[in-house]
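Here's the structure we're looking at; comments come further down.
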Amino acid sequence: MGRMSRNDAPSPNPPACTFGLDPLLLGTGCCTVAALGYTAANICVQTLQARNPLIWVLFVKESVAVLLVGPWLLWRAGRGEGVWPGRRTLLALAAVGLLTHLAGNLPLFWAMSVVGLAIAIPANLGVALIASAALGWFFLRERVSLQSAVAIAAMIASVILLSHGAGEANGSSGAGAAVAWGAFFIALAVVLACVAGVVFGTLNLAIRHSATRGVSLGLLAMWIPAMGTAALGPMCLWRYGVSGLLATPLSDFLLMLLCGLLNLIAYLAIIKGLQMTTMVHANVVMASEAAMAAVAGLLFFQEASSPALVAGVCLTVAGMVLMDRPVPA
């Protein structure tokens, strides 16, 4: 990928306080909102793909951002406001967007259908933590303090425990499916969830680089999902046809729209979070999504608890507490 070029946008400036809030506090809050939103959206997708084609569910989910944010961007452009960055930046973000949807979202949600949300998401987040720390250091020169390294280690240990605990719990959403698919597909699902973690780390790098160099939040919120709409739309039509897609039950379609809205809120929050704090800090907060998924299963889906699940949640809390202020480059 090479070092990031600065030809398309102004040099980064320290994030300014918003509403009088400390940027680190605001960034942490935004990342927490993102983790909550993505947890809710993932539960929606997991529910929907049992009855609907996965590519159709993801197409509708990503199209919500295009339909809501796109007209606003066009209105701003019509007023002569500079909403479009340079062509080089747009092409780079388009490539990252296609990679995100085709090598990130599709494999991850397929993995969720095989081994369950509570196993696929922790595996994905653990790798994303490591990838984000490495990419942030190499491309953006974001150094990691010893205390932050300990926090990362605690979060990685927590996602391993949560994944193990989900397998122990007799209410695990993917347990029956996992047995049916066989050992090979279970291993493949975990590998693909991990690969998706590297892809999402790359997406976070692109977002932070762009957001701190003048690319608007609205453009980022529309352009990356638009790549999913462009890639998945033709696949849906070719595979299922218009009549097949229109046969979707209204209740499922409304749930897809809700999923898209939750995903958009989470995506806007993580863009702002990555603008206000470092990739390492943002991804440690986002790793709490694994514990949120485990707790949601216990509270709302009557999934069984286990010592590993409890230990994983406790380690997640410890990792959040251990975070220190980002080390400036």
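The values are calculated or read from the model by the stated rules, or taken from the named source; none is laboratory data. All values reported here derive from a predicted model rather than from experimental measurement. Here the Cβ positions follow ideal geometry from the backbone for every residue, glycine too, while neighbour counts run over all protein chains shown.
Within region 46-60, the set of residues being modelled with pLDDT of 90 or more and either among the aromatic types (Phe, Trp, Tyr) or closer than 15 Å to Trp110 by Cβ (or both) comprises Leu48, Asn52, Pro53, Leu54, Ile55, Trp56, Val57, Leu58, Phe59. Here Arg3 fulfils each of the conditions (1) surrounded by 12 or more Cβ atoms within 10 Å (Cβ to Cβ); (2) under 25 Å from Val199 (Cα atoms); (3) modelled with pLDDT under 85 apart from (1).
Look through Val285, Val242 and report the one residue that is farther than 29 Å from Ala134 by Cβ and among the aliphatic types (A, V, I, L, M). Lay out the reasoning, then the answer.
Working: Val285 fails: farther than 29 Å from Ala134 by Cβ.
Within the list Val285, Val242, the selection yields Val242.
Of the residues Leu26, Leu48, Leu58, which is more than 22 Å from Leu232 (Cα to Cα) and surrounded by 18 or more Cβ atoms within 10 Å (Cβ to Cβ)?
Details: Leu48 fails: more than 22 Å from Leu232 (Cα to Cα); Leu58 fails: more than 22 Å from Leu232 (Cα to Cα).
Residue meeting the stated conditions: Leu26.
For region 242-256, which residues satisfy the criterion of being over 18 Å from Ala50 (Cβ atoms) and either modelled with pLDDT of 95 or more or in contact with a Lys or Arg (Cβ under 8 Å, 6 or more places away or on another chain) (or both)? Answer for region 242-256, where residues must be over 18 Å from Ala50 (Cβ atoms) and either modelled with pLDDT of 95 or more or in contact with a Lys or Arg (Cβ under 8 Å, 6 or more places away or on another chain) (or both): there is none.
Okay, residues lined up against (1) among the basic types (Lys, Arg); (2) over 17 Å from Thr278 (Cα atoms); (3) in contact with a Gly (Cβ under 9 Å, 6 or more places away or on another chain); (4) modelled with pLDDT of 80 or more:
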position: Thr100; (1), (2), (3), (4): no, yes, yes, yes
position: Ala103; (1), (2), (3), (4): no, yes, no, yes
position: Ala120; (1), (2), (3), (4): no, yes, yes, no
position: Asn124; (1), (2), (3), (4): no, yes, yes, yes
position: Phe139; (1), (2), (3), (4): no, no, yes, yes
position: Ala149; (1), (2), (3), (4): no, no, no, no
position: Ile156; (1), (2), (3), (4): no, yes, yes, no
position: Leu161; (1), (2), (3), (4): no, yes, yes, no
position: Asn170; (1), (2), (3), (4): no, yes, no, no
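Return the residue satisfying two criteria in turn: it lies in region 62-98 and is among the basic types (Lys, Arg) and exposed (fewer than 15 other Cβ atoms within 10 Å of the Cβ), and of such residues it is modelled with the lowest pLDDT. Spell out how you get there, then give the answer.
The initial filter retains those residues of region 62-98 that are among the basic types (Lys, Arg), namely 76, 79, 87-88.
Adding the requirement that they be exposed (fewer than 15 other Cβ atoms within 10 Å of the Cβ) leaves 79, 87-88.
Details: Arg79: 86, Arg87: 90, Arg88: 93.
Out of the qualifying residues, it is Arg79.
So in region 259-295, with the set limited to residues that are in a helix (DSSP H, G or I) and hydroxyl-bearing (Ser, Thr, Tyr), which one is farthest from Cys44 (Cα to Cα)? The residue in question is Ser288.
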